[in-house]
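The values are calculated or read from the model by the stated rules, or taken from the named source; none is laboratory data. Being a predicted model, the structure only gives us computed values, none of them experimental. Note that each Cβ is placed from the backbone with ideal geometry, even for glycine, and that neighbours are counted across all protein chains shown. Surface areas here come from the heavy atoms of the whole protein model, side chains and all, with no ligands, DNA or RNA. Shrake-Rupley method; radii C 1.70, N 1.55, O 1.52, S 1.80 Å.
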Amino acid sequence: MHLELLQKSHCFPYVARLVLFLTLLVHVARGQVSYSIPEEMEKGSIVGNIAQDLGLDLQRLKSGKARIYSRDSTEYIELNRNTGSLLSREKMDRESLCAKTTPCALHIQMIMENPMEFYTITIEITDINDNAPSFQRKEFRFEISESAAAGAGFMLGRAFDPDVGTHALQRYSLKPTDRFRLELHNQADGSKNVEMILQNPLDRESQSSLILLLEAFGGGDPVLSGTVQIHITVLDINDNAPVFTQKIYKTTITENATKGTILTMVSASDTDEGSNSVVTYYISDTVEKNVAEIFLINEKSGELILNGLVDYEKVSHYEINIQAKDQGGLSNACKVIIDVLDINDNSPMISLLSISNSVSEDSTPGTVVAMMKVDDTDSGVNGQIHCTINDNIPFALISSSSNFISLRIEQQLDRERDAEYNISVTCSDQGVPALFSSASLSLQISDVNDNAPVFEKSHYEACVVENNTPGLSIFTVKASDADWNQNARVSYILEDSTVNGVSVSSYVSVHPDSGLITAVHSFDYEQLKDFHFRVKAQDGGSPPLSSNATVKITIQDQNDNTPQVLYPVQTGASVVAEIVPRAADVGYLVTKVVAVDVDSGQNAWLSYKLHKVTDRALFEVGLQNGEIRTVRQVTDKDAVKQKLTVVVEDNGQPSRSAVVSINVAVADSFPEVLSEFTDFTHEKQYNDSLTFYLILALTVVSLLFIVSITLIISVKIYRWRQNKLFYKSGANLPVIPYYPPVYADGTLQHVYNYEMCGTTDSRMSDMKFIRPYSQNTLVSQSRLGTVQREKKEQESKYFTKCSFFSFKI
C-alpha cells in the first residue's frame, strides 16, 4: 500500500519552506505494519491509518480500548480511536533519536482488549537536510618547522554532520591551496578524517605565519557548509616528527569498569635531539566530545586511562585517535580500538501492558486477564528470560514472540471460594549469577447484582438555622449494599418534588457518592418553617436496584432582623418636637416609642432604654412599653430644648437594636418653641423651590376658606387692617404627625388655632400661633425667619389675605 503525504518543514534559516512529497510505505503481515515518515513533522501530522492498514473496524478500536505502547515510555505517536489514524504527538528529530544509525525506526505496539490483541508497528524516520556540518573546535593552531618536507601531514580531524545519507558530509575544501592540500582517510565507522598535507616547503623568513580556511560541505539542496580557521606558525629547524611503534592499538574493557582503569599505553619516538625530541601525547580533536570525556591520556607516559563509565548496552565499541607532538611542532597519530565486554548487570524489566482489575466468576478458561512485556538489555545468555507464577492458582503464563507474555485463566473460577487473587510474576535471566525481577497483580472476582441498598433509617430529621451560607452541609444519609464492587456502589438521588410550588432541588442537593445533603441557598424562617423530600439510594448494578428514605428539614429562627421604629417617624426634612408644659406633673406622658421586630420568640421581645438625654433626671422610658414620662416636676430652670435618644433592643443572641432621637420642648407657648428651635433652620441653605410650594399651599388654603366660610373672609379683612407682623417666607406649613390608631396611649387630641396672612409678594407672609394647647408640634427645618416690622408706608404696597383656621388632632 502506498500513501502520499505533503509535509511542510522549516529546515534551517536559509530556507523558508520546503514541500516534501513522500510516500508512506505500508506493509501489513502477520500483525505487523510499517510506515515511513520524514523527521520534523509538525505535531498532529498523520502518520497513517492503522485501522485501514490492518483491516480493523473503528468500533473495534473503541471497544478494545486500543492504545499505543512504546518500550522506552516516550510517546511520540498517539492513536485517534475515532478515525483510526496514527498522529505525531511532537516533532521528532532523527538525529536526537538515532544519531548516525540507519535506518532510524520507532518500534511500537498497539494493544487491544476483549479479546486482547497486539500489533507491531514500525515507523521509519527518514532524514531531511536540516543540519549544517560543524567542527568541534573553533580554530586549529599548528606550529610547523620550516624544515618540514613536502608531504608532511597534519591531522585536522573531521567535521560532524548529524544528517545521514545524501544529506551527510560530502566533501572538504581548503583555501588558499598554494602550500597545502587535503587528504581524506576512511574510518571503520564510514567517516573520513581530514589530513592537511604540506605541498611546498615553508620559509619562516619570508612568512612566519599562515591562516587557512577549511570548509566542509554537506549534501542536499541547498548545500549547507561549516568553516574553521587554521592558524599556522612556522618554526625553525625541527625536521623529524614523532613515530608511533604501531599505527593501531587494540584493547578490551568490561562494562562498569572502575574509573582510573588503565586501558593501554601508546608509545612514539622522535629522532631529534634536545627539546625537539620530547614527545607529548593527547587525544585528537577528531574524537567526539562525549567520547573524549570518557577517556584521558597521560601526556608524558602515553597511558590511556578510563575517566568515566562505559555501558555495553549503550556503546560497545570505541575508536580513539591519539596524537604525539614534539616540541618543534611536528606530530603524528595512531588509533586505539577499544571493545567493551558485556556482563550480566541488567535485571529483566517487566512492563504491564494491560490488566483486568476484575473478572466475572463465569469467565471461560483461556480468557486473557493480563498482558505484559519482559525485556533484558543484556546480550547473549544474559538476555534470555524465563518467567513463572505462584503455584495453586487457576492461571497460567503463555509466552509469545518478542517477549510478550499473557496471563490466562486455566481453570473455572469460583468467587465464593476465592474473591481475590494476588498473583506474583517472577522473571529471571540466564546469566551467572542470574538476576531476577517480579511484579504483583491483584485480581478481583466480580459478583452479580442481587441486593438492593438499605438505608440506616427510613425517616430522617434535621434542623437548620436560618440565614445559613449556601452550600452548608446539613447531614448525611447512609445506605449500604451487601453486593460487591460496582454492584455495591451506592449513588444517592434527590427525588423530584415541590415545596411551596418550587422544585425541592432549589432548596437542597444530595451528593451522589457520599449522601451528604447540602443547602442550595440561604433559608428564611419568616418564609419557610419546614419541608419534606425523599432521597433514593441506587446501586451500580445492571439492572440497578434502589430504595427510598424520607427526610424532614426544620428551619430554626435566628435573630436577623433589627427592630423597626414605627413612631415617632424619623424624617430628614423636619424636626419632631414633643411639647411638655412647665406645669407638667411627675409621670406626665411625653410620648410613646412604638417599634416592632419581625423575628419570633425571644428574638422579637423588645426593651426600651434611654441612651442619651439632655437631663437624665427629668425623663424616663418604660422598659417594656416605650412610654416616655417625666420623673420629676418640670421647673422654670429646665432648658426649653431637650433631646432624648432611645435605644430599642431585642432579646436575641446577639441582640440587635435601633436608635430613635426625640426633641422635647419644655415650654408653654408656641413662639417660645419657635425661637428656641430657630437654630435648626439656620443651618439649611435657602431653597427657592420652597417659595413656590408655600405660595401654592397658601393659595389653596385661602381659596378653601373663602368659599367655605364668609365669616373667615370678614375676619381676614379685619385682621388686615390691624398691625401685622411680616415674616420672610421660607417655611413649610406645619405637618401634623401621623399617629397609628393602635397606639392610643401616645395620642392626645388637642386643638391648634393659627392666624395666617398671605401677600402678593411670595416672600412676604405671616403665620401667627394664637393658642397652643398641643404637646406635639412639627417645626420645619427649612428657613423660618422673623421679618422686621415694615413701615406703614410699605404696608399699602401689598394686598394681604388673612385666614383664621384651627386643626383638631
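Quick look at the numbers
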{"quantity": "Binned Cα-Cα distances of the stretch 349-446, short to long, each 10 Å bin given as a whole percent", "calculated": "15, 47, 26, 10, 2"}
{"quantity": "Normalised contact order of the stretch 349-446, rounded percent, pairs of Cα under 8 Å and 6 or more residues apart", "calculated": "33 percent"}
{"quantity": "Carbon + sulfur, % of accessible area of the stretch 33-124 - ligands and nucleic acids excluded, 1.4 Å", "calculated": "45 percent"}
{"quantity": "For the stretch 564-675: accessible area per residue (Å², 1.4 Å)", "calculated": "46 Å²"}
{"quantity": "Under 5 Å, built H, 5+ apart or other chain: amide partners of Ala396", "calculated": "Arg408, Glu410"}
{"quantity": "Out-of-range pairs (alpha-carbon distance over 20 Å; input Lys138/Lys289; Lys65/Lys91; Lys478/Lys536; Lys259/Lys314)", "calculated": "Lys65/Lys91"}
{"quantity": "Nearest-20 debye value, the stretch 33-124 charge dipole, Cβ charges on Lys, Arg, Asp, Glu", "calculated": "260 debye"}
{"quantity": "Kirkwood-based shape ratio for the stretch 574-664, expressed as Rg/Rh from alpha carbons", "calculated": "1.02"}
{"quantity": "Carbon plus sulfur fraction of accessible area for the stretch 243-341, probe 1.4 Å, in percent", "calculated": "50 percent"}
{"quantity": "Computed P(r) (all Cα pairs; the stretch 243-341; 5 Å bins; percent)", "calculated": "3, 13, 25, 24, 16, 10, 6, 3, 1, 0"}
{"quantity": "Three semi-axes of the equivalent ellipsoid, the stretch 454-556, Cα gyration tensor, whole Å, largest first", "calculated": "27, 12, 11"}
{"quantity": "J(HN,Hα) series, the stretch 309-317, from Karplus relation 6.51 cos²θ - 1.76 cosθ + 1.60, nearest Hz, glycine and proline x", "calculated": "10, 10, 10, 4, 5, 9, 9, 10, 8"}
{"quantity": "Placed amide H near Gln170: partners under 5 Å, 5+ positions off or other chain", "calculated": "Phe217, Gly218, Gly219"}
{"quantity": "Derived scalar couplings ³J(HN,Hα) [the stretch 194-199; Karplus, 6.51 cos²θ - 1.76 cosθ + 1.60; whole Hz; x for Gly, Pro]", "calculated": "9, 10, 8, 10, 6, 8"}
{"quantity": "Accessible area per residue in Å² at 1.4 Å probe, computed on the stretch 243-341", "calculated": "50 Å²"}
{"quantity": "For the stretch 536-604, alpha-carbon Rg and Dmax in angstrom", "calculated": "28.4, 93"}
{"quantity": "In sequence order, calculated HN-Hα J values of the stretch 446-462 (Karplus, 6.51, -1.76, 1.60; Hz; x Gly/Pro)", "calculated": "7, 10, 9, 8, 9, 10, 8, x, 10, 6, 5, 9, 8, 9, 10, 9, 8"}
{"quantity": "Cα centroid separation - the stretch 616-652 against the stretch 245-261, whole Å", "calculated": "112 Å"}
{"quantity": "Pair-distance profile P(r), taking every C-alpha pair of the stretch 33-124, with 5 angstrom steps and integer %", "calculated": "3, 13, 26, 26, 17, 9, 5, 1, 0"}
{"quantity": "Surface accessible to a 1.4 Å probe, per residue, for the residues of the stretch 454-556, Å²", "calculated": "51 Å²"}
{"quantity": "Percent carbon-and-sulfur accessible area, the stretch 467-516, ignoring ligands, DNA and RNA, probe 1.4 Å", "calculated": "50 percent"}
{"quantity": "Whole-angstrom gap from the stretch 376-444 to the stretch 283-326, using each part's C-alpha centre", "calculated": "43 Å"}
{"quantity": "Test item: Cα-centred dipole of the stretch 564-675, Lys/Arg +1 and Asp/Glu -1 on Cβ, debye", "calculated": "220 debye"}
{"quantity": "Under-5 Å amide H pairs with Lys641, H placed in peptide plane, nonlocal only", "calculated": "Val666"}
